[in-house]
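Notes to accompany the following structure.
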Amino acid sequence: MKRLSKLTLIGIVAGTVLAAILIIIYWITGNMAFYLLFNVDYIPILKEMRPTILIEIAFHYIFCIASVIILYYVLEFFRLEQRIMIYVIVYTGGSAILFYLTLFTNHEPHSTDVLAWLYWTGAHMMYSVMVGMSVRKWV
C-alpha cells in the first residue's frame, strides 16, 4: 500500500508540473498545447458531463496517476522500474502520438501545429524524467 501511495503522489505532482509547464508556455507564447491535457471531446461520455472544467481536470489527474502506476508495475515485471530512460521513451513517445487526438476536436491546437507538438512532446519529456527520477528515489 505504501508503494501505491508513493506512485499516486508521483502522478499528482508530476501531472501538476506538466500542466504548469504547458500553461507557462501558453502565457509566454499563446500556444494552446496545454488544452490537450484537459480535452475530453473525443470521449463520448465525458464530453457530455458537467461541470466541464472539473471533469477535464479530473481526467488529467486520473490519467497521470493511472499511467504512473501501470507503467511502474509493467516495468517491475521486467525488472526495469528503476531505469529512467524507459519512462522517457514510453511517455515521450506515447505523448508524441497522443497529440494527434487533436484530429478529433475542433479546439486548438490543430494537428498541423508543429510548435504545439514540440511544446507538448517536450513538456511530456520533462514529465517523464520527473516520474523516472521520483520512482528511482522514492519507490
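The values are calculated or read from the model by the stated rules, or taken from the named source; none is laboratory data. None of the values given here were measured: they were computed from a predicted structure. All Cβ positions, even for glycine, are placed from backbone atoms using ideal geometry, and neighbour counts span all protein chains on display.
Suppose we filter region 70-124 for residues that are outside any helix (DSSP H, G or I), free of Cβ contacts under 8 Å to residues at least 40 places away in the same chain and among the charged types (D, E, K, R); how many remain? It would help to see each step written out before you state the result.
Here is the first cut: in region 70-124, the residues outside any helix (DSSP H, G or I) are 78-83, 105-113.
If we keep only those that are free of Cβ contacts under 8 Å to residues at least 40 places away in the same chain too, we end up with 78-80, 110-112.
Still in the list and also among the charged types (D, E, K, R): 79.
Matching residues across region 70-124 total 1.
A quick yes/no check of all residues on (1) closer than 26 Å to S5 by Cβ; (2) polar (S, T, N, Q); (3) over 15 Å from the mean Cα position of the chain (by Cα):
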site	(1), (2), (3)
L75	yes, no, yes
F78	yes, no, yes
E81	yes, no, yes
G94	yes, no, no
L98	no, no, no
T105	no, yes, yes
D113	no, no, yes
A116	no, no, no
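Looking at region 96-107, is at least one residue under 21 Å from M133 (Cβ atoms), in contact with a helix residue (DSSP H, G or I) (Cβ under 8 Å, 6 or more places away or on another chain) and surrounded by 15 or more Cβ atoms within 10 Å (Cβ to Cβ)?
yes
Would you mind stating whether L22 is closer than 24 Å to P109 by Cβ, modelled with pLDDT under 95 and part of a helix (DSSP H, G or I)?
no
Does region 64-72 include one or more residues that are surrounded by 15 or more Cβ atoms within 10 Å (Cβ to Cβ) and among the polar types (S, T, N, Q)?
yes
Looking at region 1-18, can you tell me whether even one residue there is surrounded by 14 or more Cβ atoms within 10 Å (Cβ to Cβ), more than 18 Å from W138 (Cα to Cα) and aliphatic (A, V, I, L, M)?
yes
Pull up region 24-37, narrow it to residues that are of a type in the set (A, V, I, L, M) and surrounded by fewer than 14 Cβ atoms within 10 Å (Cβ to Cβ), then point me to the one that is nearest to E81 (Cα to Cα).
That would be I24.
For V40, work out the one condition from (1) surrounded by 14 or more Cβ atoms within 10 Å (Cβ to Cβ); (2) at pLDDT 95 or above it doesn't fulfil.
(2)
Which members of region 27-52 meet the condition of being under 17 Å from the mean Cα position of the chain (by Cα) and either assigned to a helix (DSSP H, G or I) or among the hydroxyl-bearing types (S, T, Y) (or both)?
Matches in region 27-52: M32, A33, F34, Y35, L36, L37, F38, Y42.
Is it the case that some residue within region 52-60 is surrounded by 17 or more Cβ atoms within 10 Å (Cβ to Cβ), free of Cβ contacts under 8 Å to residues at least 60 places away in the same chain and of a type in the set (F, W, Y)?
yes
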